[in-house]
């Protein structure tokens, strides 16, 4: 699904964040990207989303060189990216409305747009994410968890095969965060999504990532990865294996 081949990236007049970096992700895998502030977690997500381009090397997604945003990639940012003047429903339909005029490739207007199917598809995700009572509210009238679910519904309505999430639960209270972590993992399984979630939380990485990519202070030259077969299991949070994994990750993050 994703291949980084000798990828180097640096912002102008800055040292490289990634240098000859290799990393591979199989289709349907769920990854957590963990590391300290400034290590390149969000930059990695922007490279995957096509919002930044590698200085050298090559990034392939689904066998194609990443040269810009692709229609099958969904991106959810930390602030959710909702339009404050639009209702929850209008925010959910935004991506599909854009496709109605510009097409999936952003260049060609589709000729087979079906307005009824469009609305039914949106309604499916509104119901799936329990947003029906809130569809006529504006973002300022929604809780953090509700805004996050609106952002997820908007993205899922576009039928992505790759979902990128940048610290999506960091501003939520603990019970809401746990519920949305579980729901997001379940959705990624149901839809056979490849999931990449960036987080600064060791505990979140341990429950969300079947694979965990640990980044350290730049330049990152080697992909340090951990396997975690119990990710997504709600009971995992209470097991010795969970605490052991958190301890290992914490030790790796400690400055040397």
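Quick notes on this structure:
- Flag for residue 185 being touching a strand residue (DSSP E or B) at 6+ places or on another chain (Cβ under 8 Å) and either surrounded by fewer than 17 Cβ atoms within 10 Å (Cβ to Cβ) or within 30 Å of residue 71 (Cβ to Cβ) (or both): yes
- For the stretch 54-68, a residue qualifies if it is in a loop (DSSP other than H, G, I, E, B) and in contact (Cβ under 8 Å) with a residue 40 or more places away in the chain, and the qualifying residues are 54, 55, 62.
- Among the residues listed as 65, 59, the single one being farther than 16 Å from residue 197 by Cα, in contact with a strand residue (DSSP E or B) (Cβ under 7 Å, 6 or more places away or on another chain) and modelled with pLDDT of 95 or more: 59
- Odd one out for residue 43, checked against (1) assigned to a strand (DSSP E or B); (2) under 23 Å from residue 71 (Cα atoms): (1)
- Checking the stated criteria, residue 111 turns out to be exposed (fewer than 11 other Cβ atoms within 10 Å of the Cβ), at pLDDT below 95 and not in a helix (DSSP H, G or I).
- For the stretch 128-147, the criterion of being under 14 Å from the mean Cα position of the chain (by Cα) and either assigned to a loop (DSSP other than H, G, I, E, B) or under 27 Å from residue 1 (Cα atoms) (or both) is met by none of the residues.
- Annotation: of all residues in the stretch 86-108 being in contact with a helix residue (DSSP H, G or I) (Cβ under 9 Å, 6 or more places away or on another chain), at pLDDT below 80 and in a loop (DSSP other than H, G, I, E, B), the one that is farthest from residue 161 (Cα to Cα) is 108.
- Candidates are the residues of the stretch 3-32 that are touching a helix residue (DSSP H, G or I) at 6+ places or on another chain (Cβ under 7 Å) and in a strand (DSSP E or B); the one that is farthest from residue 205 (Cα to Cα) is 9.
- All positions within the stretch 142-164 that are out of contact with any helix residue (DSSP H, G or I) (no Cβ under 6 Å at 6 or more places or on another chain) and farther than 22 Å from residue 89 by Cβ: 161, 162
- Residue that is farthest from the chain's Cα centre (by Cα), among those in the stretch 212-228 that are crowded, with 19+ Cβ neighbours inside 10 Å and assigned to a strand (DSSP E or B): 220
The values are calculated or read from the model by the stated rules, or taken from the named source; none is laboratory data. None of the values given here were measured: they were computed from a predicted structure. Backbone-built Cβ (ideal geometry, glycine too); neighbour counts: all protein chains shown.
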